[in-house]
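See structure below.
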Amino acid sequence: MSRALGTTAREERTWWKEAVVYQIYPRSFNDSNGDGVGDIPGITENVDYLDSLGVDVVWLCPVYDSPNVDNGYDIRDYRAILDEFGTMADWEELLSALHARDIRLVMDLVVNHTSDEHEWFQKSRRRKDGYEEYYYWRDGAPDEPPNNWESIFGGSAWSYDEVREQWYLHLFDEHQPDLNWRNPDVRDEVKELVMWWLEKGIDGFRMDAINFLSKADGLPDGDPERQLVGSEHYHHGPHIHEYLQELHDETLARYDVMTVGEMGGTSIEEAADYLADGGGRLDMVFQFNHLTVDWGADGQWSLDGWGEWDLTTFKKVVTRSQNDLAGEFWDALFLGNHDLPRIVSRFGDDGAFRRESATLIATFLLTLRGTPYLYQGDELGMTNTAFDSLDEVDDPMTTGIVEELLAEDAVDSFDEVTDLVDYMSRDHARTPMQWSGDENAGFTDGEPWFAVNENYPDINAETAMADEESVWHHYRELIQLRHDEETLVYGEYDLLLPDDEQFYAYTRSHVRETLLVVLNWSTESARFDCPGLDTDGAELLVSNDPDTPANPVEREFRPYEAAVYRLDGGES
Ligand code: NOJ
């Protein structure tokens, strides 16, 4: 992560800028032993699949020992592998299999909180010597939390511990107590475990909820009118840059690794702060501004106004991060992950235009400036599923929020929020990977831990790989294009037609070459006319429609047609 003398962040070439990342949610990827739960050998069995898709990096969601209240984001032992997922030897085998194919491995670093079953919490709640201050403990009557902060998963951010007879803070579930980063011993523990994994030869970390580590002095009450009460006191808290700088300087800086920090509730300027000043603290940030365009006025779980978004607003938000983050520093490009609905259901049309819209979205993700992050199954165009009752939902965030809405009488029954849950739940991304048309989509020989999406006979890897026109083949072609065309990695981004409600079009220019991306992001045909843009002699590089003419560019585009051209005068 150190910079060559005389280069700036925007100019510096690095492997992680040139990489395409593929995210794996192990529980739902592939079950090798028939217990219904995806596992590490199940991933190793599929490294050739990843290799043929062409990805360069795997980001592995947590595989550490955990009671799984939040599917591994509640860690009990940072240095052990969850039994259900396999052994450390299995993990080592996966690492070698990936490295043998030049695919790097990035692990998930979850250090804002631990599981309440972690040894540190167990010692802390018993006031064992040295561990008293590992978490945020506060006095108070058992019916009166120390402040008004709300948990991101619904309810208060405080729970009362009967053993220690004090309250503890948890920004997420009550079984995920927040670590007290003010305590230097906590910071040392984290540095040690980071070094432990780096020494094993991994290639970086995705850092969970990393902008929440530092809490305001005195943990004051939050503004009760805020969407998430209290968040102003820990989103980019007073010492956050100091903590991350220390972590970087004492561990990460010694290795050739990449880091990407997950940052909810972050403006583009705030995200940029972590990349500025020599880019020391982090390499990339997952910020979510572009993923709020379809929320209602009360945020992600607004009962009204959700699900509607317009392309011009979306273009404006993406263009800001292209200019101010990717343009100045670098950006993490993503629309989906394990916490989000399926991208084709959210930003495309998962009915009549599923193939077209899924491939359009792929074209978008793989032609912007930044490092693209693909989520498992999106390369197949996997879609959202449907939930008939709260019992079918697994995600603690969805259940917590729905229970809160029921408790507050905001709704009378699950039926009133079914549509919202069917749109927004994190579970949509967690249905098992659809490998084939065999029973359980070929994910497991046993009973899957979570129901397989019913559309697997049509949407699955085996079928997609056999069909040259499939979403899968399009991803593969675009990944190859990104590897071949330096302009797609390092080129400048310039938005065209900002007010057009159907086309998202932009150029990427680098040295003497200009590429043009035209996306008809709509269910209607439309004519692409771009005054001032010289498209004479344009060469078609990739399209999601077999009938796209090599030229001209200025013509009628079909619904969700997406094409990438090299404009005349360019040099390859
Ligand atoms: C963000 C993770 O992506 C999510 O899955 C998890 O529930 C929370 N952080 C808490 O770790």
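The values are calculated or read from the model by the stated rules, or taken from the named source; none is laboratory data. None of the values given here were measured: they were computed from a predicted structure. Heads up, the Cβs are rebuilt from the backbone with ideal geometry, glycines too, and the neighbour counts pull from every protein chain shown. Heavy atoms of the whole protein, side chains included, go into the accessibility calculation; ligands, DNA and RNA do not. Shrake-Rupley method; radii C 1.70, N 1.55, O 1.52, S 1.80 Å.
Please give the per residue accessible area of the chain, computed with a probe of 1.4 Å over protein heavy atoms only, in Å². Let's see the in-between values first.
On the way: 21220 Å² over 572 residues.
Per-residue value: 37 Å².
Using the Cβ atoms and a cut-off under 14 Å, what net charge is assigned to the surroundings of Asp223, where Lys and Arg are +1 and Asp and Glu are -1?
Net charge around Asp223: -3.
How big is the shadow of the Cα convex hull of the range 2-121, averaged over all directions, in nm²?
Orientation-averaged projected area of the Cα hull: 9.3 nm².
Based on alpha-carbon centroids, what's the gap between the range 25-87 and the range 357-381 in Å, whole number please?
About 22 Å separates the Cα centre of the range 25-87 from the one of the range 357-381.
If the reach is capped at under 19 angstrom between alpha carbons, list the lysines near Lys123, excluding any in the same chain fewer than eight residues apart.
none
Over the range 489-568, calculate the relative contact order: mean separation of alpha carbon pairs under 8 Å at least 6 apart, over the residue count, as a percent.
Numbers: 169 pairs, mean separation 24.9, N = 80.
Reported as a whole number, the value is 31 percent.
Quick one: with all protein chains in place, what share of the accessible area of the chain is carbon or sulfur, to the nearest percent (1.4 Å probe)?
43 percent
Can you give me the Cα centroid spacing of the range 264-297 and the range 182-198 in angstrom?
Cα centroid to Cα centroid, the span is 25 Å.
Compute the long axis of helix 396-407 from its Cα atoms, compare it with the longest principal axis of the Cα atoms of the chain, and write down the angle in degrees, 0 to 90, nearest 10.
70 degrees
Report Rg(Cα)/(2.2 N^0.38 Å) for the range 489-568, keeping two decimals.
Taking N as the residue count of the range 489-568, the ratio is 1.01.
In square nanometres and to one decimal, what's the mean projected area of the convex hull around the Cα atoms of the range 195-279?
In nm², the orientation-averaged hull projection of the range 195-279 is 6.4.
Could you give the dipole magnitude of the range 424-572 about its Cα centre, charging the beta-carbon of Lys and Arg +1 and that of Asp and Glu -1, in debye to the nearest 20?
In debye, rounded to 20, the range 424-572 gives about 360.
With point charges of +1 on the Cβ of Lys and Arg and -1 on the Cβ of Asp and Glu, referenced to the Cα centre of the chain, which listed residue (Val402, Gly348, Leu567) lies farthest in the positive direction of the dipole?
Looking along the dipole axis, the top candidate is Leu567.
Going by the alpha-carbon gyration tensor, a ≥ b ≥ c the square roots of its eigenvalues, is the range 126-269 rounded (a/c under 1.5) or, if a/c is not under 1.5, prolate (a/b greater than b/c) versus oblate? Show your work: numbers first, answer last.
Numbers: a/c = 2.31, a/b = 1.46, b/c = 1.59.
Cα axes put the range 126-269 in the oblate bin.
Exceeding 29 Å between C-alpha atoms, which entries from my cross-link table qualify? They are Lys17/Lys215; Lys17/Lys316; Lys215/Lys315; Lys17/Lys191; Lys128/Lys215; Lys128/Lys200.
Violating the 29 Å limit, Cα to Cα: Lys17/Lys215; Lys215/Lys315; Lys128/Lys200.
How would you classify the range 113-178 from its alpha-carbon gyration tensor, with a ≥ b ≥ c the square roots of the eigenvalues: rounded for a/c under 1.5, else prolate if a/b is greater than b/c, otherwise oblate?
The shape class here is oblate.
How many times 2.2 N^0.38 Å is the alpha carbon radius of gyration of the range 231-281?
Relative to the rule-of-thumb radius for its length, the range 231-281 sits at 1.17.
Can you give the angle from 0 to 90° between the axis of helix 240-250 and the longest principal axis of the chain, with both taken from C-alpha atoms, to the nearest 10?
That helix lies at roughly 80 degrees to the long axis.
Can you tally the net charge around Trp137? Count Lys and Arg as +1, Asp and Glu as -1, for every other residue whose Cβ sits under 14 Å from the Cβ of Trp137.
That works out to +1.
For the range 81-195, what does the relative contact order come out to in percent, with C-alpha contacts under 8 Å and a separation of six or more?
Averaging sequence separation for qualifying contacts and normalising by length gives 22 percent for the range 81-195.
Report relative contact order for the chain in percent, whole number only (criteria: Cα-Cα under 8 Å, sequence separation at least 6). Walk me through the numbers on the way to the answer.
Values: 1198 pairs, mean separation 74.5, N = 572.
This gives 13 percent for the chain.
How would the range 392-500 be classified by its alpha-carbon gyration tensor: rounded, prolate or oblate, with rounded meaning a/c under 1.5 and the a/b versus b/c comparison settling the rest? Mind dumping the intermediate values first?
Working: a/c = 2.99, a/b = 1.36, b/c = 2.19.
Oblate, since a/c reaches 1.5 and b/c is not below a/b.
Projecting each Cα onto the charge dipole of the range 55-194 (Lys/Arg +1, Asp/Glu -1 at the beta carbon, about the Cα centre), which of Asn147, Gln122, Leu105 comes out farthest on the positive side?
The residue sitting most towards the positive pole is Leu105.
Working from Cα positions, state the angle (0 to 90°, nearest 10) between the long axis of helix 471-484 and the longest principal axis of the chain.
Result, in degrees: 80.
Rg to Rh for the chain: what is it, with Cα atoms only and Rh by Kirkwood?
Expressed as Rg/Rh, it is 0.96.
Counting Lys and Arg as +1 and Asp and Glu as -1, each charge on the Cβ, what is the dipole of the chain about the Cα centre in debye, to the nearest 20?
Details: 43 positive and 121 negative charges, 391 e Å.
Dipole magnitude for the chain comes out near 1880 debye.
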